[in-house]
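Asker: Dumping the structure here so I can ask a few things about it.
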Amino acid sequence: MENGTESIKHAPLPTEKTLRSRRNLPFQLWRFAAINIKMIKMIRRGHH
Amino acid sequence: MARVVVMGAGIAGHTAALHLKRILKKSDEVIVVSPNSKYNWIPSNIWVGVGKMNKSQVTFPLAPVYKRKKITFHQALATAVHPAGDSQISSPYIEVTYTDSNKNGTSAKIEYDYLINATGPKLNFAATEGLGPDGHTVSVCTSDHAIEAAHSLKAVIAKMKAGQKQTLVIGVGHGTCTCEGAAFEYTFNVEHELKQAGVRDLAEIIYLTNEYELGDFGVGGLIFTQHGFQTTSKLWTESLFRERNIHAILGAHVEKIEAGLIHYELVDGTKGTLSFDFAMLLPPFRGVDMKAFEKDGSDISAEIFAPSGFMKVDADYSGKPYEEWLASDWPNTYQVPKFPNVFAVGIAFAPPHQISKPRKSPNGTLVAPSPPRTGMPSGIMGKVAAVNIATLIKSGNGAKVRSASMADMGAACVASAGSGLRKGSAASMTMYPVVPDYMKFPTTGRSIDDTFGEIGLAGHWIKLLLHYMFIYKAKARFGWFLIPE
Ligand SMILES: Cc1cc2nc3c(=O)[nH]c(=O)nc-3n(C[C@H](O)[C@H](O)[C@H](O)COP(=O)(O)OP(=O)(O)OC[C@H]3O[C@@H](n4cnc5c(N)ncnc54)[C@H](O)[C@@H]3O)c2cc1C
């Protein structure tokens with residue numbers, strides 16, 4: 001009775017390019033910096 | 001000289017104790033009461049649960065840290081609070097029962113001027129028959145549980161290597177559980193391990209959850225922008241499940257577990273069973289077993305604690321319908337209204353209502369993810385309680401104190417799988433605020449700029465960084481207080 005299966009079946013699948021970019025070192029280094037900056041911004045908003 | 005007692009040495013309590021010692025005068029005393037000799041960085045238990053880390057990498061002894069910081073440590077369980085003292089002791093005090101090898105089982109009374117309750121959750125395996133390490137499923141809530149989970153996982157991998165198909169069920173073991181993010185993360189770690197072991201094709205992985213939709217995470221899901229479109233954590237999570245070929249059972253309340261068989265009811269009232277070879281199901285949480293007494297000895301537990309056992313603080317507990325709640329119902333200072341020198345932070349405070357929409361099956365079964373109180377909010381609450389206590393000690397009870405509402409606070413969740421710097425992958429999410437505020441952010445309840453989700457190796461590096469950084473901070477090494485909560 002896997003009631004989640006139907007919607008999972010219709011979810012978008014990542015393309016080969018997207019999958020590669022998730023492992024691509026230079027691109028991920030850039031994302032690492034970007035996510036850190038986003039997180040720091042978010043932390044700043046929440047620290048009182 | 002003031003004395004502050006902190007009950008619990010988890011993320012909230014330990015953070016509070018270290019900050020208190022840093023901010024208060026030398027003559028003020030900070031006392032920590034906690035039953036375990038070791039600190040556990042719980043988020044990394046996930047990696048212990050797949051055999052990628054061992055216990056010593058996620059725990060360390062508390063006593064040396066407290067000795068160095070001149071914090072008094074009682075390895076004990078707090079069992080009762082007497083916030084107005086009693087007929088013999090005029091000051092407020094707590095009762096404790098020691099758990100260390102020397103004084104094991106003996107009890108004592110510890111007086112306080114200020115008290116922080118940061119006792120976290122009681123892992124309520126008993127709520128579901130057959131759930132948990134004493135039943136038929138494993139857990140990753142403590143490092144010891146996670147070690148056992150890793151052993152069980154190894155055993156099913158060995159069976160698959162011998163050619164047997166196996167069903168692995170991961171999720172939550174009750175309709176009112178929280179911490180779905182941890183179950184989600186463990187799912188992806190297990191999937192990764194199976195791939196690494198070369199047995200993925202022999203495994204069926206099923207995510208069994210009380211969430212009505214994938215990506216709910218107990219916070220009603222997230223909306224964020226990606227490639228110029230607003231997207232949902234539902235679509236994003238479903239995509240991840242499709243890519244990794246993971247099945248899902250949603251809106252489920254687990255009723256009972258027998259050896260190899262889970263009985264559950266769905267929110268639409270249908271009942272089902274699910275056979276398993278390996279099951280990691282998180283327990284529901286409730287407040288730890290603690291009582292509260294008035295000066296005359298009468299039991300005021302029902303006034304101080306919610307029916308869930310969590311401590312009631314400065315929130316709106318009027319129990320209005322889900323549709324009517326407001327961000328402002330959430331607590332600001334975490335003080336107990338009747339006893340403002342008592343604070344409850346982290347998982348220990350009673351949330352005023354669910355964030356994710358609660359539902360009932362036609363049979364009346366509640367399927368309602370509880371609000372998560374994750375690491376970052378718990379740490380912030382601990383720090384703010386410490387700062388506020390220092391202010392009250394310095395400037396008196398009328399002093400203006402800081403607020404740390406979860407409706408004005410973000411959270412980060414990085415579900416990371418794999419090990420090493422090249423092989424891992426992670427789904428990183430942040431949200432601001434945790435509790436949606438439709439007055440401030442009318443469309444989605446949250447700031448679109450500060451809420452996002454992304455999949456990739458970078459998130460895995462972040463999770464590793466957080467692991468080392470937070471253990472460094474918890475060990476109170478040089479400059480620890482510069483690392484944000
Ligand atoms: C498997 C797992 C993975 C997670 N991953 C993440 C993550 O990636 N990111 C994130 O932000 N959050 C994560 N969380 C949530 C996070 O661990 C909690 O938010 C956090 O631990 C809550 O902190 P706390 O101090 O309130 O409770 P705890 O950390 O549970 O601490 C409670 C403390 O109180 C002590 N105690 C218990 N009873 C008593 C008593 N009677 N008297 C005195 N002391 C007592 C306990 O021994 C403990 O020291 C995860 C949780 C789990 C279970």
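Read-outs: derived from the displayed coordinates by stated rules, not from any lab. Source: prediction; values computed, not measured. FYI the Cβ positions are ideal-geometry reconstructions off the backbone, even for glycines, and counts take in every protein chain you see.
Asker: Can you list the HN-Hα couplings for the stretch B:219-233, worked out from phi with the Karplus curve (6.51, -1.76, 1.60; θ = phi - 60°), rounded to whole Hz and with x for Gly and Pro?
Answerer: 10, x, x, 10, 10, 8, 9, 8, 6, x, 10, 7, 10, 10, 5
Asker: State, as an integer percentage, the relative contact order of the stretch B:191-317 based on alpha-carbon contacts under 8 Å between residues 6 or more apart. The partial results should precede the final answer.
Answerer: Details: 148 pairs, mean separation 19.3, N = 127.
Reported as a whole number, the value is 15 percent.
Asker: How would you rank A:LYS17, B:LYS154, going from fewest to most other Cβ atoms within 10 Å of each one's own Cβ? Spell out each step's value before the answer.
Answerer: On the way: A:LYS17 9, B:LYS154 13.
Result, fewest neighbours first: A:LYS17, B:LYS154.
Asker: What ranking do B:279-290, B:314-325 get when scored by the average of other Cβ atoms within 10 Å per residue, highest first? Write out the running numbers ahead of the final one.
Answerer: Values: B:279-290: 23.9, B:314-325: 12.8.
Ranked by mean Cβ neighbours within 10 Å, highest first: B:279-290, B:314-325.
Asker: Along the charge dipole of the stretch B:116-195, Cβ charges K/R +1 and D/E -1, which of B:THR178, B:ASN124, B:HIS151 sits furthest on the positive end?
Answerer: B:HIS151
Asker: Determine, from the Cβ-Cβ distance of A:THR18 and B:SER91 and an R0 of 41 Å, the FRET efficiency 1/(1 + (r/R0)^6), rounded to the nearest 0.05. Don't skip to the answer; put the middle values down first.
Answerer: Values: r = 62 Å, r/R0 = 1.52.
In this case the efficiency is close to 0.10.
Asker: Could you go through the stretch B:273-278 in sequence order and give the Karplus-derived ³J(HN,Hα) for each residue, using 6.51 cos²θ - 1.76 cosθ + 1.60 with θ = phi - 60°, rounded to whole Hz, and x for Gly and Pro?
Answerer: 10, 9, 7, 9, 9, 9
Asker: Want the number for B:GLU294 to B:LYS475: 0.36 nm per residue separation, take away the alpha-carbon distance, what's left?
Answerer: Numbers: separation 181, 0.36 × 181 = 65.16 nm, distance 3.73 nm.
Gain on stretching B:GLU294 to B:LYS475: 61.4 nm.
Asker: Now, a different point. Calculate the mean, over all residues of peptide A:26-32, of how many other protein chain Cβ atoms lie within 10 angstrom of the residue's Cβ.
Answerer: Working: counts 0, 3, 8, 3, 1, 9, 9.
Partner Cβ neighbours, averaged per residue: 5.
Asker: Return one number: the angle in degrees, 0 to 90 and rounded to the nearest 10, between the long axis of the Cα atoms of helix B:143-161 and the longest principal axis of the Cα atoms of chain B.
Answerer: Once rounded, the angle reads 10 degrees.
Asker: Enumerate the calculated ³J(HN,Hα) couplings along the stretch B:259-270 in order (Karplus 6.51 cos²θ - 1.76 cosθ + 1.60, θ = phi - 60°), each rounded to whole Hz, writing x wherever the residue is Gly or Pro.
Answerer: Per residue, the Karplus-derived 3J(HN,Hα) values read 4, x, 9, 9, 9, 9, 10, 8, 5, 7, x, 5 Hz.
Asker: Next question, about the same structure. Once you put a point 7 Å from the Cα of B:MET1 and another 7 Å from the Cα of B:ALA155, both along the Cβ direction, what distance in nm separates them?
Answerer: Between B:MET1 and B:ALA155, the simple spin-label model gives 5.4 nm.
Asker: Taking amide H atoms as placed 1.01 Å from N in the peptide plane, list the residues 5 or more away in sequence, or in a different chain, whose amide H sits under 5 Å from that of B:MET409.
Answerer: When sequence neighbours closer than 5 places are left aside, the close amide H contacts are B:VAL434, B:VAL435.
Asker: While we're looking at this one, here's another question. Average partner chain C-beta neighbours within 10 Å, per residue of B:479-485? Numbers along the way, then the final one.
Answerer: Numbers: counts 0, 0, 0, 0, 0, 6, 3.
That average works out to 1.
Asker: Additional query: Can you say what percent of the DSSP beta bridges in chain B, counting only those with both residues inside, are antiparallel? Round to 5. Mind showing how you got there, number by number?
Answerer: Numbers: 50 of 85 bridges.
If we restrict to bridges inside chain B, about 60 percent are antiparallel.
Asker: What do you get for the angle between helix B:457-474 and the principal long axis of chain B? Use alpha-carbon atoms, 0 to 90 degrees, nearest ten.
Answerer: Once rounded, the angle reads 20 degrees.
Asker: Got the relative contact order for chain B handy, in percent, Cα pairs under 8 Å and 6 or more residues apart? Intermediate values should be presented prior to the final figure.
Answerer: Numbers: 1130 pairs, mean separation 81.0, N = 485.
It comes to 17 percent, rounded to a whole number.
Asker: Right, something else. Within the stretch B:176-217, list the residues whose amide N lies under 13 Å from a label point set 7 Å along Cα→Cβ of B:LYS165.
Answerer: Under 13 Å, as judged by backbone N against the label point of B:LYS165, lie B:201-205 of the stretch B:176-217.
Asker: Here's a follow-up. Compute the long axis of helix B:375-395 from its Cα atoms, compare it with the longest principal axis of the Cα atoms of chain B, and write down the angle in degrees, 0 to 90, nearest 10.
Answerer: Its long axis makes an angle of about 10 degrees.
Asker: Ranked from highest to lowest mean number of other Cβ atoms within 10 Å per residue, what is the order of the peptides A:28-34, B:459-465, B:99-105, B:471-477?
Answerer: On the way: A:28-34: 15.9, B:459-465: 21.7, B:99-105: 11.3, B:471-477: 17.4.
In descending order of packing, they fall as B:459-465, B:471-477, A:28-34, B:99-105.
Asker: Moving to a separate point now. Report, in debye and to the nearest 20, how large the dipole of the protein assembly as shown comes out about its Cα centre when Lys and Arg carry +1 and Asp and Glu carry -1 on their Cβ. It would help to have the intermediate numbers written out before the result.
Answerer: On the way: 58 positive and 46 negative charges, 499 e Å.
Once rounded to the nearest 20, the dipole reads 2400 debye.
Asker: Mind ranking B:45-57, B:442-454 by how tightly packed they are, going by the mean number of other C-beta atoms within 10 angstrom, highest first?
Answerer: Values: B:45-57: 20.8, B:442-454: 18.0.
In descending order of packing, they fall as B:45-57, B:442-454.
Asker: Mind running the shape call on chain A? Use the C-alpha gyration tensor, a ≥ b ≥ c as the square roots of the eigenvalues: rounded below 1.5 for a/c, prolate if a/b tops b/c, oblate otherwise.
Answerer: On the way: a/c = 4.94, a/b = 1.46, b/c = 3.39.
Because a/c hits 1.5 or more and a/b fails to exceed b/c, chain A counts as oblate.
Asker: Right, another one. Would the stretch B:364-485 count as rounded, prolate or oblate if I go by the C-alpha gyration tensor, calling it rounded below 1.5 in a/c and otherwise prolate when a/b exceeds b/c, oblate otherwise? Don't skip to the end; give the middle numbers.
Answerer: Working: a/c = 2.15, a/b = 1.22, b/c = 1.76.
It comes out oblate by the Cα gyration axes.
Asker: I'd like the distance separating the alpha-carbon centroids of the stretch B:28-93 and the stretch B:289-343, in whole Å.
Answerer: Using only Cα atoms, the two centres lie 23 Å from each other.
Asker: Would you mind ranking B:ARG359, B:ARG373, B:ARG3 by Cβ crowding within 10 Å, fewest neighbours first?
Answerer: Values: B:ARG359 19, B:ARG373 27, B:ARG3 16.
So the ranking, lowest neighbour count to highest, is B:ARG3, B:ARG359, B:ARG373.
Asker: Once Lys and Arg get +1 and Asp and Glu get -1 on their Cβ, which of B:PRO83, B:VAL32, B:ILE94 lies farthest toward the positive end of the dipole of chain B?
Answerer: It is B:VAL32.
Asker: Rounded to the nearest 5, what is the percent of antiparallel bridges among the DSSP beta bridges in the protein assembly as shown? It would help to have the intermediate numbers written out before the result.
Answerer: On the way: 50 of 85 bridges.
That works out to approximately 60 percent antiparallel.
Asker: Taking amide H positions as placed 1.01 Å from N in the peptide plane, with prolines and chain starts having none, which residues 5 or more places from B:VAL6, or on another chain, fall under 5 Å of its amide H?
Answerer: When sequence neighbours closer than 5 places are left aside, the close amide H contacts are B:ILE31, B:VAL32, B:VAL33, B:ILE116.
Asker: Still on this structure, I have one more. If you rank B:HIS353, B:HIS174 by fewest surrounding Cβ atoms within 10 Å, what's the result?
Answerer: The fewest-first ordering by Cβ neighbours comes to B:HIS353, B:HIS174.
Asker: Sticking with this structure for a sec: Can you give me the relative contact order of the stretch B:80-136 as a percent, contacts being Cα pairs under 8 Å and 6 or more apart?
Answerer: Details: 58 pairs, mean separation 11.9, N = 57.
21 percent.
Asker: Additional query: Based on Cβ point charges of +1 for Lys and Arg and -1 for Asp and Glu, what charge dipole magnitude is obtained for chain B about its Cα centre, in debye rounded to the nearest 20? Mind dumping the intermediate values first?
Answerer: On the way: 48 positive and 43 negative charges, 393 e Å.
I would put it at about 1880 debye.
Asker: How large is the helix-only mean residue ellipticity at 222 nm for chain A, computed as the sum of -39500 (n - 2.57) over DSSP H runs with n ≥ 4, divided by its residue count, in deg cm²/dmol to the nearest 500?
Answerer: Values: 3 runs with 33 residues, N = 48.
Taken over chain A, the calculation gives -21000 deg cm²/dmol.
Asker: Next question, about the same structure. Where does chain B land at 222 nm, in deg cm²/dmol rounded to the nearest 500, when only DSSP H runs of n ≥ 4 count, each adding -39500 (n - 2.57), divided by all residues? Can you show the working numbers first?
Answerer: On the way: 11 runs with 124 residues, N = 485.
About -8000 deg cm²/dmol.
Asker: Collect residues whose amide H, placed 1.01 Å from N in the peptide plane, falls under 5 Å from the amide H of B:PHE310; neighbours closer than 5 in sequence don't count.
Answerer: Excluding prolines and chain starts, which carry no amide H, the hits are B:GLY287.
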